[in-house]
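One structure is given below, encoded as structure tokens.
The values are calculated or read from the model by the stated rules, or taken from the named source; none is laboratory data. For clarity, every value in this text was computed on a predicted model and none was experimentally measured. Cβ placement follows ideal geometry from the backbone for every residue including glycine, while neighbour counts extend to all protein chains displayed. The area values use the complete protein model at the heavy-atom level, side chains included, leaving out ligands, DNA and RNA. Shrake-Rupley method; radii C 1.70, N 1.55, O 1.52, S 1.80 Å.
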Amino acid sequence: MRARLIALGIALALPALAAEPPQGGTAEQDGVRIAWRYLPGEAPGLGMLEVEASEAATGAPLRYDRGRLAAWLQRRRAALPEAELACSDKVKALASQGIGRRADIDLNAYRLLTLNTDGTLAVINPFVGLNNAKLESILDLGGRPTAWLPLPERLEAWVVLADPARLVAVDLHTRRITRAIDLPEAAGAALAWDAAGRRLGLGLPGLAGIGLLDPDAPDQALQVLPGPPPLGLFAEAEGPGLLALEADGGVRLLAAGGTDRRWAVPGRPRLVRWSPLGRRLVVATEAGLLAWIDPEAPTGAAPERLRALSHPAQAMALLDGGRRVLVLGAGQGSLVDLASGAIGPRLAAPKDADEILLTDRFAYALSAREGMARLWLLEDLRQGRDQPVDVTLGRPDPGAAPRIAGPAQAVAIPAGTGLVAANAADGMLYQYAEGMMAPVGSYSNYRRAAVGLALLDLSLREVAPGRYRSPVRHALGGAHELVLSGAAPRFALCAPVRLGPTPGAPPAEPRLRPELVAVTEAAPRQRTLRVRLRAREGTAPVEGIPDLVLLAFDRRSGWQARLPLREVVAGEYETRLLLPGPAPVELLVGSASRNLSFVEGRLGPLPPEGTP
């Protein structure tokens, strides 16, 4: 069914610095109602795309899983309505992401963030073809980092810096520091984000209590909730609240509703995780004791269950929605069934493994000191099989500090096809395909040693039922086309949108101007066509275009032919066209390498036979 597109005027309260007007529209297609709006940002070149999807008949919100909703922005070029593709065909072409099909602005991509020992935060774009152009931006934080907490869903990161000791907030959209708070010290800092309570937790060895901060209240000072200095702070998106581990064995829960409970475990607690399936806290001590705690139990209640692992705990991760927990330490590993407490299998892990990364199919035990990772198929672990494979992660770094509950050194790729790992000794990021033992790609960190790596997913993210949002950054303003696509239920929507100008942006390369030099009859219904292109009027023809293609089509019958054009003399390209019969044929040329679309490369109608 053809989509009905209705332009809407949207009245919104916008920041004073916004230079672009808000834009929006709605469409109904096959029972799906789609509403979109583009909101300008506070600075030129920034904006936000919002999309709402609902059932047309009932208005009920439609909730798409991650990756099932896609968006692109394409610069609009010379108009040729007859040659325009259908919106669904544009979606197919952009989704295939082949050569020449990548959108001008791909809102389904991601960026890699590295926090570096030199006090910089680098943003790397892995989708740029030239390696020396992948560094999208770099921010000098003004100090040596000791802890950080990236919050991609909020497009922000919080970093604790030394010399001077400060806590700074970084806006990952504008790539600038938006807030700085002086601290008494920076060494040994811990950060956690309580999503339910919308508050940031800060722990310092010399701070008697837990620092709490509302990031959405810039005028509010850091508040301290009295208590022992925490060994570590933890919080999970679906967890019961902010969790603090204390040196005397204390486990403290600060719930969003104001509840403050405390329990104790034997030994010194090191790690804690929340099991959504079991609705329990799982605490691991340094000596390797697991404790199950009911978050609804009163203060002082004993753990429900204790289980000794026979090895220390340096890294811990939950599998299968919290049904199992994997614990590593001192070259050993244990997979524990949280329902029964049974251990199996026992694993041999890298001696200095201090981080676990889980993907859809594999578990990785990472060791920066040894420059390696050991991986297991999750299905093997579920079946009690220990069949590991070792992967080299670059040069070993024997002096690397332990990363127990610290910044990540590896992240999973959103598509679920592998991971990216940072190697501080090499100053590089290495990409691995799922299950492969050698890197399939690499990105330079520009000789900087990364202490932390994070992935900034820029795709449409659900912020409320049926409402999705994606940040937009653009270097060139002007007329664009928004291409939206949904799967299950399926829709395809295309609409014009105009992006405001960006001061200081490089001027667009001049569009190549094609011209038909000659048409000769080689045989009945065969024509030899010669074409040349110029960057501007009066300049020499452009030579050496390897992928110039001629598109010939009959707009009435739908017949078309695509033929490669070969350079026969300097700046002139030739091909032979076999016609289907007497019909008015339109001619266009395109080149992916020169960013020349068929719409821009219109030659016009094929001259009738006998025309000189």
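Numbers for the structure displayed
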quantity	calculated
Residue-normalised accessible area of the chain, expressed per residue, 1.4 Å probe, Å²	45
Shape of the range 261-349, Cα gyration tensor, a/c cut at 1.5	oblate
Cα point-scatterer Debye curve for the range 161-268, base-10 log of I(q)/I(0) at q = 0.18, 0.21 Å⁻¹	-0.91, -1.18
About the Cα centre, charge dipole magnitude for the range 208-256 (Lys/Arg +1, Asp/Glu -1 at Cβ), debye	180
Ellipsoid equivalent to the chain - semi-axes via the Cα gyration tensor, in Å	54, 27, 24
Global size of the range 388-477 as Cα Rg and Dmax, reported in angstrom	16.2, 51
Value of Rg/Rh across the range 424-569 [Cα atoms, Kirkwood radius]	1.09
Over the range 122-174, equivalent-ellipsoid semi-axes from the Cα gyration tensor in Å	24, 14, 8
For Asp397, residues with placed amide H under 5 Å, excluding near neighbours	Arg369, Glu370, Gly371
Compactness index (Cα Rg / 2.2 N^0.38 Å), the range 300-387	1.07
Over the range 91-214 - Rg/Rh using Cα atoms and the Kirkwood inverse-distance radius	1.08
Partners for Lys90 among aspartates and glutamates (Cα-Cα distance below 14 Å; same-chain residues under 8 apart left out)	Asp104, Asp106, Glu481
Accessible surface ranking that places the most exposed of Asp390, Asp554 first, with a 1.4 angstrom probe	Asp390, Asp554
Contact order normalised by residue count of the range 163-245, Cα under 8 Å, 6+ apart, percent	23
The chain, relative contact order [Cα under 8 Å, separation at least 6], %	12
Charge-dipole axis of the range 208-338 as Lys and Arg at +1 and Asp and Glu at -1 on Cβ define it, positive-most pick from Gly321, Pro226, Gly257	Gly321
Directionally averaged projected area (convex hull, Cα atoms, the range 473-555), nm²	10.7
Selection from Pro524, Pro496, Val568 lying farthest towards where the dipole of the range 444-569 points positive, charges on Cβ	Pro496
Surface/4 estimate of mean projected area, convex hull on alpha-carbon atoms of the range 427-492, nm²	8.6
Percent of Cα-Cα distances greater than 14 Å, calculated over the range 352-439	61
Rounded to the nearest 20 debye, dipole of the chain from Cβ charges on Lys, Arg, Asp, Glu	920
For the chain, the longest site-free run once trypsin sites (Lys or Arg not before Pro) in DSSP loop states with at most 10 other Cβ atoms within 10 Å are removed	3-446
